Amino acid sequence: MISKAIRLARVGSGSELAAALLMALGFPCIMLAAIIPNLWFFIVAAAATYVADQYLHNCGSYLINRLAAVRAGLSIRFLVRQLLLILLLSRMGYGEETLFYVTIACLLAFYGLQAPQGAMVALVRLRRKLPVVTLNVDLEAARIPDAPPQLLMNRSAEKMLNLDVFAMIGVLAAMETGRHGLAYVGLGLTLVLAVGYLAALLPHVRPSRLAPPDAKVLKAVGDWLGEYQPTVVLYFSGSKESAYQVNMWLETMAQLGGRPLILLRERTMVPQLNTTSVPVLCVPGGVHLMNLNLSSVRVALYAANVGKNIHLLRVPTMKHVFIGHGDSDKLASVNPYSKVYDEVWTAGRAGRDRYALADVGVRDEDIVEVGRPQLATIKPWTGAPKNPIPTVLYAPTWEGWDDNPGNTSLLLAGENIVRRLLEAEPPVRLLYKPHPFTGTRSRAAKAVHLRITAMIEEAAARRATDPRWATESAALQGERAAAQSELARIEAQLAAEPSGGRVARDEAELSRDSLADPAREAETAKLKDEWNAAFWRSLGWWEHKVISGSQMRLYDCFNESDGMVSDISSVVSDFIASGKPYAVTDSAELGEDEFRRQNTAVRAAVILSNAATELDALLGAVVDESADTLADARRELKRYLLGPDEPTSIVQFDAAVTALAAKSEARNSGVAISLSEPVNG
């Protein structure tokens, strides 16, 4: 019942739901207390609303935004509380006394001070936004000043409004004790602190403390581009949830020859970017992007098919390549939009054949097989489980943009898969890592995800007290404690890293201070590897686990698992690089033969129905090499999907960039010659 209420209210926990109910009930109670009147009832109800409001803001609750949408926003809630305080004064017989009029005057003055405070904060935020946000770019010439302290800028409206608590306490204390001086002290303190807030903000609205004009910043960026002369660009536009699509290419970009550049289009993407020493430009405005001097760029790489790609595709002096963010049998992998690019790069022969079968206008001669450089960290299978019991990864994809039942196994098969793995005998360990987009479009998918999470957490709790694992738990207690300590140490070091922690107070400071530091990048990468290793050591090899967030990388889950269950997505193609057994769910119930015919990546998979009764075949292959009838098929499929092991993918990828850059140079030279020749009449 409670879990259903949490889902309906769209809150993250029971405590958040309780806070929401407390605030919803608190305001009617304040009104009732003022009308009765009852001073202590009023005090308790008002205190409850203050605490609940603050808690919901600290949680970043979805309900806070919805309250603003129904005309019950932050300012309104504080105003209502203050109006009810005045009503309480009147009902308790203070309507003709000086205290009543002083309280009204002071609260009105307090509201009057909120307007300039809000205006100054808005001015600072607006004028410290840069037309181009940068990382690893020297913007010294722009002379960007320090940002105001976060104490003044972070949640500024809340901080200003909450100053009324001193007035509220003073007036209520005066009514309780009869000492009016307490009210005047409280009201005065509220006004003095509000004026102090304004005074603290005032120096930061001076022109010298704001960001330089757009023209000056754009000139500094242009000068840097003229000096750096980038040759290859990774272009990306998308929501912050899609950050994984660009992050997967950062290491590849850092390993390329020439002078790479990463070009982003949304400000929200910058904090989501993993540590890199490759220069980054985030250019939200299409006009600003089109006015940048990118004449030195010869190759532009695109990780997603989005509308904003047109702002760079219009540049004829560079060759444009779609590299995508995974190789799979999804329809997105043969998007007709892809024909706008000069070339489409796929991992292996399968990608080429996929476009040929789809017949969407992408010519065979424009397809280049380059492998998948990101897969270098995936460890090959040894043929036996890594631990005394096998670990199975369930990594379903998200629900997609439509309601096609073949999009994800989560809706129709997810709970069956998880239940069978949790109840398997002999036992297995389950790792569940959902797609980052899971539940973003479909409430049903989010509900199933929450139920699966609850199932796994309950099973993990039962296993923690199961006598079968007590001896192992006791034996590993010291090692796990040491791993936990190491995790805390590494997390502290990562938080202290300027690049990893993004400690700059705003994007202007970030652009000014974040300069390339390959040594720091290498140290951060080393710490992240150590964190992953310590994370797995901190768990028992029998413990079920829900893997959420971006800190635990998908490929580390591949290396920890002995087999995988997934859907039609790039996750399957990537997992094939490990050589381990895997299963794919036929959620649309096409039938095994038709499912294999339509989807290349499942040719070497155990095919699951929505009932997941075929899981025994996967578990048998994981624990007994002789029962693994698909091993040869997986090896053959790996080469077909991902290309040959030699030369390495990064060598193939870099060679493709070099070859296309040469074509771009030849094209530009040819155009220059044509333009210089006289036109014959």
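The values are calculated or read from the model by the stated rules, or taken from the named source; none is laboratory data. Keep in mind that what you see is a predicted model, and the values were worked out from it rather than measured. Glycine also receives a Cβ, built like all others from the backbone with ideal geometry; neighbour counts cover every protein chain displayed.
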What do you reckon, is V278 under 26 Å from the mean Cα position of the chain (by Cα) and buried (at least 17 other Cβ atoms within 10 Å of the Cβ)? yes
Test Y101 against the criterion of being of a type in the set (S, T, Y) and exposed (fewer than 14 other Cβ atoms within 10 Å of the Cβ), and give yes or no. yes
Does A666 satisfy the condition of being farther than 30 Å from A604 by Cβ, more than 35 Å from the chain's Cα centre (by Cα) and of a type outside the set (D, E)? yes
Going through the stretch 639-681 one residue at a time, which ones are hydroxyl-bearing (S, T, Y), surrounded by 14 or more Cβ atoms within 10 Å (Cβ to Cβ) and over 28 Å from L261 (Cα atoms)? Y640
Identify all residues within the stretch 281-293 that are buried (at least 20 other Cβ atoms within 10 Å of the Cβ) and part of a loop (DSSP other than H, G, I, E, B); write none if there are none. V283
Of the residues E140, E176, which single one is of a type in the set (D, E), on the phi < 0 side of the Ramachandran plot, more than 32 Å from the chain's Cα centre (by Cα) and surrounded by fewer than 15 Cβ atoms within 10 Å (Cβ to Cβ)? E176
Counting only residues in the stretch 495-508 that are surrounded by fewer than 18 Cβ atoms within 10 Å (Cβ to Cβ) and in a helix (DSSP H, G or I), the one modelled with the lowest pLDDT is identified as G501
Test set (1) out of contact with any Phe, Trp or Tyr (no Cβ under 9 Å at 6 or more places or on another chain); (2) in a helix (DSSP H, G or I); (3) among the β-branched types (V, I, T) - T252 fails condition number: (1)
Out of A68, A46, A52, A122, I need the residue that is touching a residue at least 60 places away in the same chain (Cβ under 8 Å), assigned by TED's automatic domain parsing to the domain that holds V171 and among the small types (G, A, S). Which one? A46
Selected residue (only one of G188, G226, G238, G196 is within 30 Å of F100 (Cβ to Cβ) and either exposed (fewer than 14 other Cβ atoms within 10 Å of the Cβ) or not assigned by TED's automatic domain parsing to the domain that holds Y111 (or both)): G196
Expected single match for closer than 20 Å to R639 by Cβ and either at pLDDT 90 or above or buried (at least 19 other Cβ atoms within 10 Å of the Cβ) (or both) among A347, A356 is A347
